[in-house]
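Student: Take a look at this one; I'll ask things after.
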Amino acid sequence: MKKYNGKSVLKGIAVGRIYWYRKQNYEVVKTQISDCEDEKKRFEGAVETAKVQLSELYEDALKNVGEDHAMIFDVHKMMLEDDDYLDAVKSVINEGCNAEYAVSVAMEQFAGMFAAMDDEYMKARAADIRDISQRVINILADISEDGIQTKWPVIVVAEDLTPSETVKMDKNKILAFVTVKGSSNSHTAILARSMNLPSLVNTQIELSEEMNGKIAVVDGFNGQFIIEPDEDVLDDMIARKNQWVADLEALAQLKGKENITSDGRKINVYANIGKVSDVEAVIEEDAGGIGLFRSEFLYLGRNDFPSEEEQFKSYKSVLEKMEGKKVIIRTLDIGADKKVDYFNLEPEENPAMGYRAIRICLDRPEIFITQLRAIYRASAYGTAAIMFPMIVSVDEIRRIKEIVSQVKKDLELEGYSMGEVELGIMVETPAAAVISDELAKEVDFFSIGTNDLTQYTLAVDRQNQKLESTCDTHHPAILRLIEMTVKNAHKEGIWAGICGELAADTDLTRTFLDMGVDELSVSASNILKVRKAVRDI
Ligand code: PEP
Ligand code: MG
């Protein structure tokens, strides 16, 4: 039995087998092979497997998002039947090279050829070539699509996980995450919370093939990871796990009840989501609405921008499922830890303070307009609100409002019906909090993003695990900025909520109520806990 300490991101207990997740961007290495014919057969086998995967993806997409979007998988399948591409790979294998390397050479050759074409449509095919080639390489190197090759749910152990990797994983295959790196406010930790998985970050383990498949326990209450627990420990953990499940069942009694203090103060308890599929947990946990839909997750883990139609379907689906309850969609907050290759963002010294979020949207309005059109079209199917991330000035809001009004005019002319949409901003920079009196005159609501507000106010990188233990999330500077923002909102007659992770900190629920906070938006797993905290006041 071996015990390790980690930083818990969600209280809970998981017992299961370890799955060591290794990075998907596996580095292709050139090796010399002795039998070219055998290697070509290995390549052909991988191509056949890729085609089977693509047919399955086509069928899934056809059911879930319709034929238009499913078509891409058919196109990919056809590309894998292209003789020029297949011959290019085989000719490199004939030189005595391994198949993985041969595919990577053909990928560069064909992607380069497409990228150099004048026609925008053909240019975009470079991404498809990379996609099909990567699929074949992954099959050859035995790396599965979502990185998890298992028939039963496992404890995923990794050096680190990016939001793009986490978002692609099949939740049904995961019992818990344990990572060596990472901080509890990173987006990966936030995703783990939204998946309701007891997880640890910053865990001092040495990863090795040896641990793969061993029985382990993740104790999210005490921040412990125990490999091969002895019988007594295992019995104790199973008993505590049962108690945890019983406590959750007791909390479930609060479903359908109001978020109201004993002296009658009501507050909205909403949920944060990143994916359309997260809505199930939101409904299950009985949230009053969605206070933060991190729309950038729709852009992660793919090779090209989601189209207007694709985004429209996602937003419409969330709005319809919420049956009239408010859904606040945050526009694209890409950049910093949320990296997407096809945006072609240049490396930066300080990405958290760099070219990201609304800065990209105002600089590349075509991306912004596509998203706004999709949201406004979807607004006819429920109660949508929009908020903008990383705001620092009144000027930004005025520019945003001009774009929004043009988008609405265009859609009206095109005959689309739209619902009433509240427009708000995230208050997550000290600048926004300090000028919140002026900003409040421009918008319908504020949503305070304490994750970034803490990072920028205390100059503590939220990704840096070394700073986590010394970072005081209850620092008076943060609390004063929150209070000031709420007061300034109310002076102008608008509402203010909190959607950062601090909203779920029940040690502060009374403080937030005293400040007059109108809404707390938390991960689905924390909704009933916060409801209880409100009702206990
Ligand atoms: C925040 O900064 O508090 C927030 C809610 O946004 P994100 O965590 O996605 O940066
Ligand atoms: Mg933020």
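The values are calculated or read from the model by the stated rules, or taken from the named source; none is laboratory data. Just so it is clear, the structure is predicted and the values come from calculations on it, not from any experiment. In this analysis, Cβ positions are derived from the backbone assuming ideal geometry, glycine residues included, and neighbour counts consider all displayed protein chains. Side chains are part of the model used for accessible areas, which takes the heavy atoms of the whole protein and leaves out ligands, DNA and RNA. Shrake-Rupley method; radii C 1.70, N 1.55, O 1.52, S 1.80 Å.
Student: Two decimals is fine: what is log10 I(q)/I(0) at q = 0.24, 0.31 Å⁻¹ for the stretch 1-43, from a Debye sum with one equal scatterer on every Cα and no solvent?
Tutor: -1.13, -1.15
Student: Calculate, for the stretch 268-535, the solvent-accessible area per residue in square angstrom, rolling a 1.4 angstrom probe over the heavy atoms of the protein chains.
Tutor: Dividing the accessible area of the stretch 268-535 by its residue count gives 39 Å².
Student: Have a look at Met387, Ser469, Ile435 and report the one farthest towards the positive end of the charge dipole of the stretch 373-473, computed about the Cα centre with Cβ charges (Lys/Arg +1, Asp/Glu -1).
Tutor: Projecting each Cα onto the dipole axis, the largest value belongs to Met387.
Student: Apply 1/(1 + (r/R0)^6) to the Cβ-Cβ distance of His474 and Met117, taking R0 = 56 Å, and write down the FRET efficiency to the nearest 0.05.
Tutor: Using R0 = 56 Å, I get an efficiency of 0.50.
Student: Follow-up question, since we're still on this one. Tell me, how many Å apart are the Cα centres for the stretch 265-320 and for the stretch 485-509?
Tutor: Result: 21 Å between the Cα centres.
Student: Also, I was wondering about something else. Restricting the calculation to Cα positions, tell me the Rg (one decimal) and the Dmax (whole number) of the stretch 239-360 in Å.
Tutor: Both quantities, over Cα of the stretch 239-360: 18.5, 54 Å.
Student: Next up: Kindly provide the helix-only [θ] at 222 nm of the chain, computed as the sum of -39,500 (n - 2.57) over DSSP H runs of four or more divided by all residues, to the nearest 500 deg cm²/dmol?
Tutor: Computed ellipticity for the chain at 222 nm equals -14000 deg cm²/dmol.
Student: Here's another thing I want to ask about it. With all protein chains present, how much of the accessible area of the chain (probe radius 1.4 Å) comes from carbon and sulfur, to the nearest whole percent?
Tutor: Looking at the chain in its full context, I get 49 percent from C and S.
Student: How high is the relative contact order of the chain? Use alpha-carbon pairs under 8 Å, at least six apart in sequence, and give a whole percent.
Tutor: Numbers: 999 pairs, mean separation 82.7, N = 537.
It rounds to 15 percent for the chain.
Student: Quick one: Debye curve from the C-alpha atoms of the stretch 36-141, no solvent, what's log10 I(q)/I(0) at q = 0.10 Å⁻¹?
Tutor: Ignoring solvent entirely, the Cα scatterers give -0.29.
Student: Among residues other than Arg373 whose Cβ falls under 14 Å from its Cβ, what is the net charge (Lys/Arg +1, Asp/Glu -1)?
Tutor: Around Arg373, the charge tally is -2.
Student: Where does each of Ser417, Ser184 land when they are ordered by accessible area, with a 1.4 Å probe and the largest first? Don't jump to the answer; show the numbers that get you there.
Tutor: Values: Ser417 80, Ser184 15 Å².
If we order Ser417, Ser184 from most to least accessible, we get Ser417, Ser184.
Student: May I pose another question? How many angstrom lie between the C-alpha centres of the stretch 456-475 and the stretch 192-209?
Tutor: Answer, in whole Å: 20.
Student: I've got another one for you. Past the 46 angstrom mark, what percentage of all C-alpha to C-alpha distances in the chain do you count?
Tutor: When every Cα pair of the chain is considered, 16 percent fall beyond 46 Å.
Student: Still on this structure, I have one more. What order do you get for 28-41, 73-86, 383-396 when each peptide is scored by the mean count of other beta carbon atoms within 10 Å, highest first?
Tutor: 383-396, 73-86, 28-41
Student: Run through the DSSP bridge list for the stretch 268-535 and note the antiparallel percent, rounded to the nearest 5.
Tutor: Once the DSSP bridges in the stretch 268-535 are tallied, antiparallel ones form about 5 percent.
Student: Just how much of Arg399 is accessible, in Å², when a 1.4 Å probe is used and the result is rounded to the nearest 10?
Tutor: Per-residue accessible area (Arg399): approximately 100 Å².
Student: In what order, largest first, do Trp244, Trp152 sit by accessible area if the probe radius is 1.4 Å? Mind showing how you got there, number by number?
Tutor: Working: Trp244 40, Trp152 145 Å².
The residues order as Trp152, Trp244, largest area first.
Student: Output the DSSP H helices from the chain with an along-axis C-alpha extent of no less than 15 Å and a mean Kyte-Doolittle hydropathy no less than -1.0.
Tutor: 36-65, 67-79, 83-94, 99-115, 120-140, 231-251, 365-378, 394-413, 476-491
Student: Continuing with the same structure: How much accessible area per residue does the stretch 36-141 have, counting only protein heavy atoms and a probe of 1.4 Å, in square angstrom? Before the final figure, lay out each step's value.
Tutor: Values: 5270 Å² over 106 residues.
With all protein chains present, the stretch 36-141 gives 50 Å² per residue.
Student: Now a separate question. Among bridges DSSP assigns within the chain, what percent are antiparallel (round to 5)?
Tutor: Here the antiparallel bridges make up roughly 30 percent for the chain.
Student: In a Debye calculation with equal point scatterers on the alpha-carbon sites of the stretch 337-402 and no solvent, what is log10 I(q)/I(0) at q = 0.20 Å⁻¹?
Tutor: The Cα Debye sum returns log10 ratios of -0.95.
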